[in-house]
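This report concerns only the one structure given below.
The values are calculated or read from the model by the stated rules, or taken from the named source; none is laboratory data. Just so it is clear, the model here is predicted, and its values are computed rather than measured. A quick note on method: Cβ atoms are made from the backbone with ideal geometry, for glycine too, and the neighbour counts reach across all protein chains shown. When the accessible area is computed, the model is the full protein with side chains, heavy atoms only, and any ligands, DNA or RNA have been set aside. Shrake-Rupley method; radii C 1.70, N 1.55, O 1.52, S 1.80 Å.
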Amino acid sequence: MEAARADRVQRRLNGCVRLARGSSQRSQRRRSTPTVPASHRLPSSSVVSIDQWASSMKRASAKQTRARGSEGALAKFAPRFLRGRLDGFQKDMKTCLTGIPNPKRRGKETHAYFPALMACCGMLEYMACLYRGPSRNTRNTFIASWRDIAGFPNRFVPGVYDEDAVRILHESIRNAVAHRSILSGVWVDEDKRNAGRRLVWSIYEDFDGLAIQIEAHSGTIRRDSLWECPYTHRVHVRLGTLSNDISEAINAYIAELECSADLQNKFERCLRYLYPIDASYRVSERGNAGLCEQPSLERARGYGNRLFPRVRGYGRKALVGPR
């Protein structure tokens, strides 16, 4: 009897010891020193003072700074910079084009069509401005006309996009999504060569077929309008194909940028607008984006106060943003 009781007590003691050891190991792991990069570690073979280590770090930092401004640094930096932008764009497109259950249609999937469309239009305009260089005709470096945008895919993915398709993408689709987050019901083409065209749209997540296709297709909108609204053409936009074409054009642009001094010069001038170091690159921004016209500012402030009467801060600074 006494032996059995002593055995039970011993087992309990052994269990407590194991628990204590596990707790001690876990706390030791939590208190362990985080991994330090090799370039920041103190040498283990010799004793080094803190002053010596700090001096070596300053020399390494100065060497990196000199490398940024040295000859040939831009040719190495620009491709890495653009590949980072391309990776972000592809990640966003993958997220937008991943299907989720459609709450209105059982068994069907839906996608983030308009965010994906805005990402494509924004990236296309961004790359077109880098390829074109700073604009002399507009106050903002990163504002491009549809002709500027057409020049980028026509140079790096030739034969895929005609000017009419790019113009429709920019004037009808990009502008509508940017200002209303959705496309217009019927867009009336005011171009002299195609006066009278009335276009509606269809958007797909497909990776097959042309990215932008305009076809003659007449009909009348009845369900989404208070009145009957006729149309004559339909624009088909395939987001998968469009994103692939943009990625292919960017890769081709990077390859040419690496060996073109002219493209590198344009890239650097645009980059100085994105990361300004003196006042000369802020003038154009103040004219277009930095300072709003007073009537527009007052209208926006009044609109915000009507929508959100309890929210404060719709003043000048809230609308203008940092300068």
- [ ] Working only within the stretch 173-208, note down all residues that are open to solvent by less than 20 Å² (accessible area, probe 1.4 Å) and either closer than 18 Å to MET123 by Cα or over 26 Å from the mean Cα position of the chain (by Cα) (or both).
- [x] ILE173, ALA176, VAL177, ASP189, LEU199, VAL200
- [ ] Take the residues in the stretch 192-214 that are touching a Leu at 6+ places or on another chain (Cβ under 8 Å) and of a type outside the set (Phe, Trp, Tyr), then tell me which one is farthest from ILE246 (Cα to Cα).
- [x] ILE214
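Does ARG167 satisfy the condition of being within 17 Å of MET127 (Cα to Cα), assigned to a helix (DSSP H, G or I) and at pLDDT 90 or above? Break it down stepwise before answering.
Details: within 17 Å of MET127 (Cα to Cα): yes; assigned to a helix (DSSP H, G or I): yes; at pLDDT 90 or above: yes.
Yes: the conditions hold for ARG167.
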Open item on the list: If I ask for residues that are assigned to a helix (DSSP H, G or I) and either touching a residue at least 12 places away in the same chain (Cβ under 8 Å) or in contact with a Pro (Cβ under 6 Å, 6 or more places away or on another chain) (or both), which ones from the stretch 170-210 would you list?
Closed with: HIS170, GLU171, SER172, ILE173, ARG174, VAL177, ALA178, ASN194
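Tell me the residue from GLY88, GLY122 that is surrounded by 15 or more Cβ atoms within 10 Å (Cβ to Cβ), modelled with pLDDT of 90 or more and of a type in the set (Gly, Ala, Ser), please. Talk me through it step by step, then tell me what you get.
Values: GLY88 fails: surrounded by 15 or more Cβ atoms within 10 Å (Cβ to Cβ).
Sole residue among the options that is surrounded by 15 or more Cβ atoms within 10 Å (Cβ to Cβ), modelled with pLDDT of 90 or more and of a type in the set (Gly, Ala, Ser): GLY122.
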- [ ] Pull up the stretch 209-235, narrow it to residues that are out of contact with any Asp or Glu (no Cβ under 7 Å at 6 or more places or on another chain) and closer than 30 Å to ASP87 by Cβ, then point me to the one that is surrounded by the fewest Cβ atoms within 10 Å (Cβ to Cβ).
- [x] GLY209
- [ ] Residue by residue through the stretch 171-185, note down the ones that are touching a helix residue (DSSP H, G or I) at 6+ places or on another chain (Cβ under 8 Å) and on the phi < 0 side of the Ramachandran plot.
- [x] GLU171, ILE173, ARG174, VAL177, ALA178, ILE182, LEU183, SER184
Task: Pairs with Cβ under 6 Å, 6+ apart, first in the stretch 98-111 and farther than 19 Å from GLY240 by Cα, second open to solvent by 40 Å² or more (accessible area, probe 1.4 Å) and in a loop (DSSP other than H, G, I, E, B) - done: ASN102/LYS108
Task: Where LEU97 falls short, out of the listed (1) within 29 Å of TYR253 (Cα to Cα); (2) touching a Lys or Arg at 6+ places or on another chain (Cβ under 6 Å) - done: (2)
